[in-house]
Amino acid sequence: MKSVRIASTVKHIEEADHNITLFRIQEILSEHRTMLITGILTDLPTYLQFKFYTKVDKEMQGVLRDKLWDLSNSKVNLDRYDEIVQEIRKNSSYRVPSSDFFREIDSLLDSALNPTQLMLVK
């Protein structure tokens, strides 16, 4: 049995078939990301001020909340977190770092706050 420490709890993974183990890891990592997003959503304006040095109006906060909820409700891409997946698989006890998840979250927020603009070329 493997122990995986996430944001606020410890999850256990029974040794099982490869696919079942990967599915369980995906569930645990998704729950970890959801917990981080929930924490951000409790005070989104403060997080945006701290991380992006910006204030946004209520409408934009609503857009950002929707994007964060969509991310929160989706499963993590195991390819994106392959290093973490491999560490969980080879260790009997592992603490999931939050930095990679915050990079994904911040990238989502940054793309919404600073959309790329197309430049017309003649």
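Here are the numbers for this structure:
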quantity: Which numbered condition Q117 misses (of (1) closer than 26 Å to I40 by Cα; (2) surrounded by fewer than 11 Cβ atoms within 10 Å (Cβ to Cβ); (3) modelled with pLDDT under 95; (4) among the polar types (S, T, N, Q)); calculated: (1)
quantity: Matching residues, the range 1-49, being surrounded by fewer than 16 Cβ atoms within 10 Å (Cβ to Cβ) and in a strand (DSSP E or B); calculated: S3, R5, T9, V10, H12
quantity: Residue match in the range 73-84 (condition: modelled with pLDDT of 95 or more, more than 20 Å from S111 (Cβ to Cβ) and of a type in the set (S, T, Y)); calculated: no
quantity: Flag for K75 being in a helix (DSSP H, G or I) and among the charged types (D, E, K, R); calculated: no
quantity: Sole exception among (1) over 18 Å from the mean Cα position of the chain (by Cα); (2) outside any helix (DSSP H, G or I); (3) not small (G, A, S) for Q61, by number; calculated: (2)
quantity: Hits in the range 53-104 (condition: exposed (fewer than 14 other Cβ atoms within 10 Å of the Cβ), touching a residue at least 60 places away in the same chain (Cβ under 8 Å) and among the charged types (D, E, K, R)); calculated: R95
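The values are calculated or read from the model by the stated rules, or taken from the named source; none is laboratory data. This one's a predicted model, so the numbers in the text were calculated from it and none came from an experiment. Here Cβ is always computed from backbone atoms with ideal geometry, including for glycine, and neighbour counts include all displayed protein chains.
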